[in-house]
Amino acid sequence: MQTYLVGGAVRDELLGLKVKDRDWVVVGATPEQMLARGFTQVGSDFPVFLHPKTREEYALARTERKQGHGYHGFSVYSAPDVTLEEDLLRRDLTINAIARSEQGELTDPFNGQADLEARKLRHVSEAFKEDPLRIMRTARFAARFQPLGFSVCTETMALMHDMVAEGEVEHLVPERVWQEIQRALHEQSPATFFQVLRDCGALAVLIPELSPDADFNAALDALQCIHAATGSTAERFAALFCTLDEPTCTARAKALKAPNDCQQLARLTVAFIPVIGQLDPAQPDAGTLLELLEKADVWRRPERFSSLTRVLECALGAAGRERLKPLKSAADSAFGVDPKTLMARGFSGKELGQAIRSERLARITQAVSRPSF
């Protein structure tokens, strides 16, 4: 029985980066031997065990064979006769197919160290094309390591393009697609993720609405802007979708099975953009501003409104940001309306709601008639 540190931990060590998670592969062992040593089995598709003290994952060396479409279309073989090299062969990229023994000796059968030095993302073998999720993983690694100068090598990009042409991407389930997108939105260069997907043709399958050049470039500009502002996942997702119209945005966000907060913020963003674009920043219509604030449910969801304005600032650009100032001023003014004061004056029920709205409109009208923005 031999144990090796594998994958991202070895890669990041060699790059001089902080290692977050450590994964191990065990060669020459059986599940019974692992259990006898106090490990807890957690894998159902193949034997994966948790260390009794560190709780790190130890997987028995295995091979995989394609049997169907998509991420789950594999048969797995795990036995003591599977070698370390055979286990590394099933991995996606050469930089992730390096192992280090407990004595510190590196095993690098596919020249991953050379690709680390050359800053190249290269597939280990033709088996790469058996799993379409690897297209998204490769794009995500490109987004993570772009600041270090990494890029997808020509051969791997060509292979990814062939996989798209053969329809493999169409078999990805939305849940897995969303997991990769969510993680990619927080990588070092999230725009690179979508650029790689576009270059290999996968974006036209996954989010075809972003394919046109103008929409794609504007979306990535907005995404990079909100990324620089360390925006939340919902803010990043809304920025990415900012060039779409409301029905298209709603349909695609739902198809991707994005969380509700992401869907709602994206929908509000694309609904606000055309209205904000038509506002006269010098003489904005108070009624329109109040309708926007009501649509945003700003009084019950002030934090979401703050997220919305941050995304709109990135989506509208420098010129459009001036048009947001009246909306912010309107929100500040309308927040000053105290329902309890109106109730003390005798308003209740439906009349109270009307009185609150009238007071908010009056305050917004006064604020925009003497703009301080």
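Summary table below
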read-out: Options F237, F193; residue that is touching a residue at least 40 places away in the same chain (Cβ under 8 Å), farther than 13 Å from A266 by Cβ, out of contact with any Pro (no Cβ under 8 Å at 6 or more places or on another chain) and surrounded by 18 or more Cβ atoms within 10 Å (Cβ to Cβ); value: F193
read-out: Test result for T154, open to solvent by 30 Å² or more (accessible area, probe 1.4 Å), modelled with pLDDT of 95 or more and more than 21 Å from I181 (Cα to Cα); value: yes
read-out: Test: residue in the range 211-222 that is of a type in the set (D, E, K, R) and either assigned to a loop (DSSP other than H, G, I, E, B) or open to solvent by less than 10 Å² (accessible area, probe 1.4 Å) (or both); value: no
read-out: Subset of the range 298-319 that is over 24 Å from S369 (Cα atoms) and not in a helix (DSSP H, G or I) - its residue that is farthest from the chain's Cα centre (by Cα); value: R300
read-out: Conditions (1) touching a helix residue (DSSP H, G or I) at 6+ places or on another chain (Cβ under 8 Å); (2) at pLDDT below 90; (3) open to solvent by 60 Å² or more (accessible area, probe 1.4 Å): number failed by A318; value: (1)
read-out: Hey, A271 at pLDDT 95 or above, hydrophobic (A, V, I, L, M, F, W, C) and within 19 Å of L172 (Cα to Cα) or not; value: no
read-out: Every residue from the range 105-143 that is open to solvent by 40 Å² or more (accessible area, probe 1.4 Å), over 20 Å from E86 (Cβ atoms) and part of a loop (DSSP other than H, G, I, E, B); value: R119
read-out: Residues (surrounded by fewer than 21 Cβ atoms within 10 Å (Cβ to Cβ) and assigned to a loop (DSSP other than H, G, I, E, B)) located in the range 244-278; value: D245, L256, K257, P259
read-out: Residue in the range 159-170 that is assigned to a helix (DSSP H, G or I) and in contact with a strand residue (DSSP E or B) (Cβ under 9 Å, 6 or more places away or on another chain) present; value: yes
read-out: Candidate set from the range 84-104 (those that are assigned to a strand (DSSP E or B) and within 22 Å of F150 (Cβ to Cβ)); member that is farthest from the chain's Cα centre (by Cα); value: R100
read-out: Subset of the range 144-158 that is assigned to a loop (DSSP other than H, G, I, E, B) and among the hydrophobic types (A, V, I, L, M, F, W, C) - its residue that is nearest to L15 (Cα to Cα); value: F150
read-out: Answer from A318, A296, A334 - the residue that is free of Cβ contacts under 8 Å to residues at least 12 places away in the same chain and of a type in the set (A, V, I, L, M); value: A318
read-out: Selected residue [modelled with pLDDT of 95 or more, out of contact with any Lys or Arg (no Cβ under 9 Å at 6 or more places or on another chain) and not hydroxyl-bearing (S, T, Y)] from F145, F141; value: F141
read-out: Qualifying residue in the range 331-350 (condition: buried (at least 17 other Cβ atoms within 10 Å of the Cβ) and within 30 Å of A228 (Cα to Cα)); value: yes
read-out: Index of the failed condition, R198 passing every other in (1) part of a helix (DSSP H, G or I); (2) in contact (Cβ under 8 Å) with a residue 24 or more places away in the chain; (3) surrounded by 16 or more Cβ atoms within 10 Å (Cβ to Cβ); value: (2)
read-out: Which numbered condition E168 fails, given (1) open to solvent by less than 50 Å² (accessible area, probe 1.4 Å); (2) among the charged types (D, E, K, R); (3) under 20 Å from the mean Cα position of the chain (by Cα); value: (3)
read-out: Selected residue (criterion: farthest from D245 (Cα to Cα)) from residues of the range 285-310 that are open to solvent by less than 10 Å² (accessible area, probe 1.4 Å) and out of contact with any Leu (no Cβ under 7 Å at 6 or more places or on another chain); value: V298
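Here is a yes/no grid of residues against (1) at pLDDT 95 or above; (2) buried (at least 16 other Cβ atoms within 10 Å of the Cβ):
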residue: V10; (1), (2): yes, yes
residue: L14; (1), (2): yes, yes
residue: V19; (1), (2): no, no
residue: E32; (1), (2): no, no
residue: V42; (1), (2): no, no
residue: R62; (1), (2): no, yes
residue: G70; (1), (2): no, yes
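Here's the yes/no breakdown for (1) at pLDDT 90 or above; (2) surrounded by 14 or more Cβ atoms within 10 Å (Cβ to Cβ); (3) among the polar types (S, T, N, Q):
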{"residue": "L5", "(1), (2), (3)": "yes, yes, no"}
{"residue": "W24", "(1), (2), (3)": "yes, yes, no"}
{"residue": "L35", "(1), (2), (3)": "yes, no, no"}
{"residue": "F39", "(1), (2), (3)": "yes, yes, no"}
{"residue": "E56", "(1), (2), (3)": "yes, yes, no"}
{"residue": "S75", "(1), (2), (3)": "no, no, yes"}
{"residue": "D81", "(1), (2), (3)": "no, no, no"}
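The values are calculated or read from the model by the stated rules, or taken from the named source; none is laboratory data. Not measured: the values here are computed from a predicted model. Glycine gets a Cβ as well: all are built from the backbone with ideal geometry, and neighbour counts include every protein chain shown. The area values use the complete protein model at the heavy-atom level, side chains included, leaving out ligands, DNA and RNA. Shrake-Rupley method; radii C 1.70, N 1.55, O 1.52, S 1.80 Å.
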